[in-house]
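Participant: Let me give you the structure first, and then I'll get to my questions.
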Amino acid sequence: MSKTIFRPFWSFDVVKTEKWLSEMHAGGYALKKVHFASRLFVFEKVQPAQIFYRIVFDKHTEGTAEIVIQDGAYDPVCCSKKFYVLRTNQAAPAMSPSYDGFLRRNKTIGMVLGYVLLCSGFFYLPIALINGIMLVWVLSDPTYEAIDWTGFLVGLPIFLLWFIPFIWIFLKLRKTNRELEKRCGDTLDLSFTLPKDTLISKNEINRLSKSGQLIKRTKIAWQYAPDKIEIWLEKMAQNGYHLIKLSKLGVSFYFLKGEPRKSKFHIDYQNKTDPAYFNLNKESGWKLFFTSLSRFQNLSVWGQEYKEEPPMFYSDRESQIKHARNFALTYSLFFYPVCILLAFTVIRNLILLNKISLEWMFVLNTVLFIILILELGFFATRTVLYYFRVKKTAKDG
């Protein structure tokens with residue numbers, strides 16, 4: 001007797017799926033095969049037993065298990081071009097496959113979902129909010145002219161139907177990835193990279209601020225022109241104001257008054273970071289003053305004092321240009337499409353402007369979107385100009 005179970009999101013929490021397969025085997029149903037494309041798990045009736053399952057993801061397997069378990073603890077169950085399933089009767093085999101493939105896969109999916117959610121949030125949510133307010137005003141006006149609001153009234157539920165599941169998947173992946181990082185030994189502890197000689201408590205910061213020894217400077221959207229902030233930080237150090245930390249969100253800079261020094265700073269953007277990245281830079285003499293919360297799309301502020309020649313974060317010109325190009329592409333490819341979508345909304349509002357009695361609401365709507373277009377376009381343009389400045393400097397140098 002066989003049993004087939006549909007499990008659509010099994011790969012988003014592979015550890016939980018493996019436990020479920022072990023529980024099924026303990027209940028008398030052993031996994032026979034998996035239809036990975038249709039997410040169907042096929043079981044056959046067997047004698048109950050304590051069996052442990054492992055699922056491996058490797059997009060280079062092409063149906064052949066490349067991971068060889070030397071002690072022969074695992075037996076193969078089934079495989080596909082990217083997945084294969086193993087099982088064993090040992091609770092803790094001496095050698096086990098790694099979860100690294102699933103971790104990389106989930107992080108890639110999470111990064112794509114993050115971009116989709118961010119774009120949707122920038123574009124649709126403001127439109128839904130403003131249109132909702134406008135709809136209330138229009139319907140409360142007895143002199144209003146009929147407008148076709150079908151697109152908004154139908155579009156909002158449709159938007160929520162896919163937006164909410166995307167949020168659930170995104171949060172689910174963040175949670176399970178933390179578990180996989182622990183199992184892969186890929187947890188990141190930045191305490192070994194922080195400049196402990198400059199770390200001070202909150203009470204000490206308040207005391208130094210009142211005495212005038214510590215100052216705070218806030219910079220909005222500084223990350224879109226990293227080279228300008230680097231020059232500003234170096235000038236602050238030359239004037240005797242030494243960076244000790246940034247706020248958690250990286251908006252505010254804290255400086256401690258002291259003797260003038262020569263310091264070199266570098267704002268580094270990475271698509272992905274790991275412990276080796278931070279450790280390598282520390283061994284090269286760089287101090288980490290700030291790093292964003294995300295391991296993907298990571299932005300870090302590094303600094304190093306020097307006497308004569310300033311240190312270089314990237315030793316060759318090609319690496320500098322490549323780093324700046326990736327930085328500019330990431331932000332411009334995100335902001336410019338949103339600007340285009342918002343521009344279409346502005347055009348739509350201008351077309352509808354003479355069809356409704358509450359013209360001022362449409363004018364307000366249009367003005368708000370124009371401001372948003374200018375703001376996002378400004379951010380994207382700053383990143384592109386940053387790339388051209390770095391490219392020119394690297395070639396001139």
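The values are calculated or read from the model by the stated rules, or taken from the named source; none is laboratory data. These figures come from a predicted structure and were not determined experimentally. Cβ: placed from backbone, ideal geometry, glycine included. Neighbour counts: every protein chain shown.
Participant: Has the stretch 274-286 got at least one residue that is crowded, with 18+ Cβ neighbours inside 10 Å and modelled with pLDDT of 90 or more?
Facilitator: Checking the stretch 274-286: at least one residue is crowded, with 18+ Cβ neighbours inside 10 Å and modelled with pLDDT of 90 or more.
Participant: Still on this structure: Does the stretch 212-223 contain any residue that is loosely packed, with under 15 Cβ neighbours inside 10 Å and free of Cβ contacts under 8 Å to residues at least 24 places away in the same chain?
Facilitator: Looking for residues that are loosely packed, with under 15 Cβ neighbours inside 10 Å and free of Cβ contacts under 8 Å to residues at least 24 places away in the same chain, one finds none in the stretch 212-223, hence no.
Participant: Which one is farthest from Pro275 (Cα to Cα), of the residues in the stretch 291-334 that are in contact with a Ser or Thr (Cβ under 7 Å, 6 or more places away or on another chain) and crowded, with 19+ Cβ neighbours inside 10 Å?
Facilitator: Restricting to residues being in contact with a Ser or Thr (Cβ under 7 Å, 6 or more places away or on another chain) and crowded, with 19+ Cβ neighbours inside 10 Å, the top hit is Ser332.
Participant: Looking at Lys264, Lys322 in this structure, which one is basic (Lys, Arg) and assigned to a helix (DSSP H, G or I)?
Facilitator: None of the others qualify; the one that does is Lys322.
Participant: Also, quick follow-up: Filter the stretch 4-36 down to the residues that are in contact with a helix residue (DSSP H, G or I) (Cβ under 9 Å, 6 or more places away or on another chain), of a type outside the set (A, V, I, L, M), touching a residue at least 60 places away in the same chain (Cβ under 8 Å) and surrounded by 15 or more Cβ atoms within 10 Å (Cβ to Cβ) and list them by number.
Facilitator: Ser11, Phe12, Asp13, listed by residue number.
Participant: Output the residues belonging to the stretch 218-269 that are acidic (Asp, Glu) and over 24 Å from Ala328 (Cα atoms). Talk me through it step by step, then tell me what you get.
Facilitator: To start, the set of residues in the stretch 218-269 that are acidic (Asp, Glu) comprises 227, 230, 234, 259, 268.
Result: Glu259, single match.
Participant: Among the residues of the stretch 185-202, is there at least one that is surrounded by fewer than 15 Cβ atoms within 10 Å (Cβ to Cβ) and at pLDDT 85 or above?
Facilitator: So far as the stretch 185-202 goes, no, none of its residues is surrounded by fewer than 15 Cβ atoms within 10 Å (Cβ to Cβ) and at pLDDT 85 or above.
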